[in-house]
1. What whole-number volume per residue, in cubic angstrom, does the convex hull of the C-alpha atoms of the chain give?
2. Rounded to the nearest 20 debye, what is the charge dipole size of the chain about its Cα centre when +1 sits on each Lys and Arg Cβ and -1 on each Asp and Glu Cβ?
3. In sequence order, what are the phi-derived ³J(HN,Hα) couplings for the range 150-161 according to the Karplus relation 6.51 cos²θ - 1.76 cosθ + 1.60 with θ = phi - 60°, rounded to whole Hz, with x for glycine and proline?
4. Rounded to a whole number, what is D in µm²/s for the range 141-243 from Stokes-Einstein with the Kirkwood radius over alpha-carbon pairs (20 °C, 1.002 mPa s)?
5. Counting only residues 5 or more places away or on other chains, whose amide H sits under 5 Å from the amide H of Ser234 once H atoms are built in the peptide plane?
6. Summing Lys, Arg as +1 and Asp, Glu as -1, what charge do residues with Cβ under 15 Å from the Cβ of Gly155 carry, Gly155 excluded?
7. If packing is taken as the mean number of other Cβ atoms within 10 Å per residue, what is the order of 89-99, 45-55, highest first?
Amino acid sequence: MLKQRIITAAWLAPLVLAGLFGLQGSAFALFTALMVLLGAWEWTNLAGIIRQNQRIMLVAGLAVVMLLMWLTGAAFAVWPLWCAALGWLLNLYWVTQYPDKGAQWQATPRRLAMGLWVLLPCWVGFNILRDSGAVWLLFVLLLVWSADIGAYFAGRRFGKRKLAPRVSPGKSWEGVIGGLVATTLLAVIFALGQSLTFGMGVGLVIVTIVVTLISVLGDLLESMLKRYRDIKDSSQLLPGHGGVLDRIDSLTAAIPLFALLYLPVLQGQVPSL
């Protein structure tokens, strides 16, 4: 298993980094759309769709929606990010109330709808952040990775109080705090490196704390769906690593929320619909 993970990471990491930072415009949008559509393929399984032809039709339908969003300019609009914010409030309620409120989301159409407000705004957020400059896209990626690393080591060393034992028994509040410490330090380094004013630096730290917590929710949401479906991984598309969603679950929450908060705080602008 370890050998398989290393081999997959050896070719996957350079490919993803080249796509995210070597492409711009329509090429970048297409690359990230392919990532999201692979995630959508896995989401259909999480939603309880088993038949291959139905899954293909649903993913194709999402691809058409994304094309229309690109052609109409909605791929760079702020309103999908607001939809994501509202959707993640619902996700937070369902994760914290699992399994008691499961009847509210467990129907297949509702899980499919959930996938729309998770995946589409993530793609829009990717486009907005890349269009504003690769440095802030890099920041969000480092934020999620730092949160994972900080949570892992703090959880192993100090973890005692379970975060969401009915959803993901391995996560602890101490791990969350460790992730927050790591990402706050990252925000301070970026604020100094980008020569932000004191006010903008404080704003970045606040946004970072919020987005770090949201990224944890992204992980928990997928864990909840997998637990309900009684599966370990979202798929086996990435040998040794599970599925695409297993790798981007935190990003699906972090990317759109950071893009939404980034606009007014770091650019000094009020986002318009």
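Laboratory data are not the source of any read-out in this text; all were calculated from the coordinates shown. Not measured: the values here are computed from a predicted model. Every residue, glycine among them, receives a Cβ derived from its backbone with ideal geometry; neighbour counts consider all protein chains shown.
1. Measuring per residue, one finds 133 Å³ for the Cα hull of the chain.
2. Values: 20 positive and 11 negative charges, 158 e Å.
My answer is approximately 760 debye.
3. Those phi angles translate into x, 5, 4, 6, 5, x, 5, 7, 10, x, 9, 8 Hz.
4. Details: Rh = 14.8 Å.
It diffuses with D of about 145 µm²/s by this estimate.
5. Gly243, Asp246
6. Once positives and negatives cancel, what remains is +3.
7. So the order, starting with the most tightly packed, is 89-99, 45-55.
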